[in-house]
Amino acid sequence: MALLAAAGVHLLYTSLALGHRHLRATPLSGPDGDAWRRRWSARLASSEVGLHQLAAVTITSAVVGALAGFAVFGGVLPSVALAVFAGTFPLASQRARQRERRAAAMDAWPRMLEELRTQTSSLGRSIPQALFDVGRRAPIEMRSAFEAAHREWLLSTDFTRATRVLKAGLADPTADAACETLLVAHEVGGTDLDRRLAALIEDRINDTQGRKDARAEQAGARFARRFVLVVPAGMAMAGMSVGTGRAAYQTATGQALVVVAIALVVACWVWAGQIMTLPEEQRVFDG
């Protein structure tokens, strides 16, 4: 069992951290390897945790979960189930932090649009100049996309290509709408850009405020969701001291029931998180 566990840890670490495939000590290459690197680079681009650190924390969490399961239940099956469940915590936590940072960055759109409106209408700046100037003061999560779009503009002076790069980098419905509005105004001209930006600002303010209100109303439910994990864990600990509770855990029937209970707890935890997820806007100008 120790050798199998060590081999599994080795395979997981070399796959996630070093990019090795199967039992060969060679990194991923070719189209599959490039897609693998792009996928993980996109997930970790806005995170302060690198891929190596994430893999190490994941393995550590799985080991801790397995040890806790064996200490309480004294069996292999519950330990493996808890190890798998605990191993998902770091990635889930990282994704939650990324969503929070992205939501905070997206909340800056009304301010950025208002500044863009001021520069194009009151200061008389051109649309590309105003857009990239506003992007320099954007939240840190958005600056790389603005910088890439600015480089494209300096190299090609093609605003269509620059906005396409910006939309791909931000991947946000508000960015799509803002870029399309600016692109049409840049190519066609007209005097209604100020009015269109004002309408877009009002729409973004209403959407941002609505999401903030929804998250505030969910605060109590999110706190109660933690009891999905706390209460069963407390009951499992209490069961050790009731009669022959620990011995019952170690029987074949007891271990099977514990695994079923862990699966139900995980299902309830995931389901509770799904029903509290706010709907995401659909992109309509993603090209």
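The values are calculated or read from the model by the stated rules, or taken from the named source; none is laboratory data. These numbers were taken from a predicted model, which means no experiment stands behind them. All Cβ positions, glycine included, derive from the backbone under ideal geometry; neighbour counts span all protein chains shown.
Of all residues in the range 253-264, those that are assigned by TED's automatic domain parsing to the domain that holds Gly65 have Cβ atoms under 6 Å from Cβ atoms of residues that are of a type in the set (Gly, Ala, Ser), 6 or more apart or on another chain, in Gly254/Ala248; Gln255/Gly75; Val259/Ala81; Ile262/Ala81.
Reported count of residues in the range 112-124, each being buried (at least 16 other Cβ atoms within 10 Å of the Cβ) and free of Cβ contacts under 8 Å to residues at least 12 places away in the same chain, is 0.
Consider Ala104 carefully, then state whether it is outside any helix (DSSP H, G or I) and more than 30 Å from Ala261 (Cβ to Cβ). When the stated conditions are applied, Ala104 does not pass them. Restricting attention to the range 78-90 and to residues that are crowded, with 16+ Cβ neighbours inside 10 Å and either among the aliphatic types (A, V, I, L, M) or outside the structural domain of His52 (by TED's automatic domain parsing) (or both), the residue that is nearest to Thr58 (Cα to Cα) turns out to be Ala86. Quick one: which of Arg117, Arg125 is of a type in the set (Lys, Arg) and assigned to a helix (DSSP H, G or I)? None of the others qualify; the one that does is Arg117.
Considering (1) within 28 Å of the chain's Cα centre (by Cα); (2) at negative phi; (3) surrounded by 11 or more Cβ atoms within 10 Å (Cβ to Cβ), the lone condition that Ala171 does not fulfil carries the number (2). Contact map, the range 187-215: first residue within 21 Å of Glu280 (Cβ to Cβ) and in a helix (DSSP H, G or I), second residue acidic (Asp, Glu) and at pLDDT below 85, Cβ cut-off under 7 Å, separation 6 or more or different chains; pairs are Thr208/Asp107. For the range 56-72, how many residues are buried (at least 19 other Cβ atoms within 10 Å of the Cβ) and modelled with pLDDT of 80 or more? Summing the residues that are buried (at least 19 other Cβ atoms within 10 Å of the Cβ) and modelled with pLDDT of 80 or more in the range 56-72 gives 7.
Each row is one residue, and each column tells you yes or no for (1) of a type in the set (A, V, I, L, M); (2) at pLDDT below 85.
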{"site": "Arg95", "(1), (2)": "no, yes"}
{"site": "Glu114", "(1), (2)": "no, no"}
{"site": "Gln119", "(1), (2)": "no, no"}
{"site": "Arg125", "(1), (2)": "no, yes"}
{"site": "Val134", "(1), (2)": "yes, no"}
{"site": "Arg137", "(1), (2)": "no, no"}
{"site": "Arg143", "(1), (2)": "no, no"}
{"site": "Ala149", "(1), (2)": "yes, no"}
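Pairing residues of the range 1-30 that are assigned by TED's automatic domain parsing to the domain that holds Thr58 and under 16 Å from Leu51 (Cβ atoms) with residues that are of a type in the set (Val, Ile, Thr) and at pLDDT below 65, at Cβ distances under 9 Å and at least 6 apart in sequence or on separate chains, gives Gly19/Thr26; His20/Thr26.
Evaluation of Glu202 against the conditions (1) over 19 Å from Met106 (Cβ atoms); (2) modelled with pLDDT of 85 or more shows that the sole unmet condition is (1). If you filter the range 35-48 down to residues that are surrounded by 14 or more Cβ atoms within 10 Å (Cβ to Cβ) and in a loop (DSSP other than H, G, I, E, B), you find that the one that is modelled with the lowest pLDDT is Ser46.
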